[in-house]
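Single-structure report; data block below.
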Amino acid sequence: MSQEHSVGPASRRARVIAAVAQAQTWLAMAAAGVIVVSTTADVVLRYGLGKPIHGAYDVVECMLALFVFHGLSAVFLTRSNITIDLVDHFVGPVARRALVRFGDLVQVLALALIAWAMISPAIQAYDYGDRKLELGLPLWVVWVFVFTGIAGTILSAIGALLSPVPGAGGAH
């Protein structure tokens, strides 16, 4: 098997995962922008003219869900999570790589557990026809964005798990 063939699928997989993470980052940035603009406009209009924006609270709440669940993807893909190096100085490079791999595995499992725990409330929101109070937006719409966000974040965490550990010389 040629070197190009063995690297190709992994490289293609990494590019697809990176593209998904980038798209999620752009969506999270757009949601953050909407949060800032709608909050600022609501405050200015509310206290300046006495005319608040109807539904601003619901808009911010929905955008916050997008921001959180889509914004995490790039963090997991690049292993940019906050880490505490308690034992890194006492163990060798092989043990450090094993700790990184263990962390990668734990984060995939934790994200999967979070996604699983969200299924029941999402189904209930759909079954009961729950809606946002001011906008009347069905909550299942928000849940769709939350689930696509967590799915992309899990994909990114799997991408980190399958990628080489920095300082490992390309070894897995």
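Where a number appears in this text, it was derived from the coordinates with a stated rule and is not lab data. Bear in mind the structure is a predicted one, so any value in this text is a computation, not a measurement. We place every Cβ from the backbone using ideal geometry, glycine too, and count neighbours over all the protein chains shown.
Data for the structure
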quantity: Lys/Arg +1, Asp/Glu -1 at C-beta; the chain dipole; positive extreme among TRP140, ILE158, PRO9; calculated: PRO9
quantity: Additional length obtainable on full extension of the chain from ASP85 to ALA23, 0.36 nm per residue less Cα span; calculated: 19.2 nm
quantity: Inter-label distance, nm, simple model (7 Å from Cα along the C-beta direction), THR78/VAL43; calculated: 2.8 nm
quantity: Helix-only CD estimate at 222 nm, as mean residue ellipticity for the chain, using -39500 (n - 2.57) per DSSP H run (n ≥ 4); calculated: -25000 deg cm²/dmol
quantity: Per DSSP, loop chymotrypsin sites (Phe, Trp or Tyr not before Pro) in segment 83-172 with at most 10 further Cβ within 10 Å; calculated: PHE90, TYR128
quantity: Long-range amide H partners of ARG131 with built H, under 5 Å; calculated: LEU139
quantity: J(HN,Hα) series, segment 132-143, from Karplus relation 6.51 cos²θ - 1.76 cosθ + 1.60, nearest Hz, glycine and proline x; calculated: 5, 4, 8, 8, x, 5, x, 5, 4, 5, 5, 4
quantity: Ordering of 61-71, 148-158 by burial proxy (mean other Cβ atoms within 10 Å per residue, highest first); calculated: 148-158, 61-71
quantity: Value of relative contact order over segment 3-162, rounded to a whole percent, pairs C-alpha under 8 Å and six or more apart; calculated: 34 percent
quantity: Spacing of the two label points (7 Å from each Cα toward its C-beta) at TRP116 and ALA14, in nm; calculated: 3.1 nm
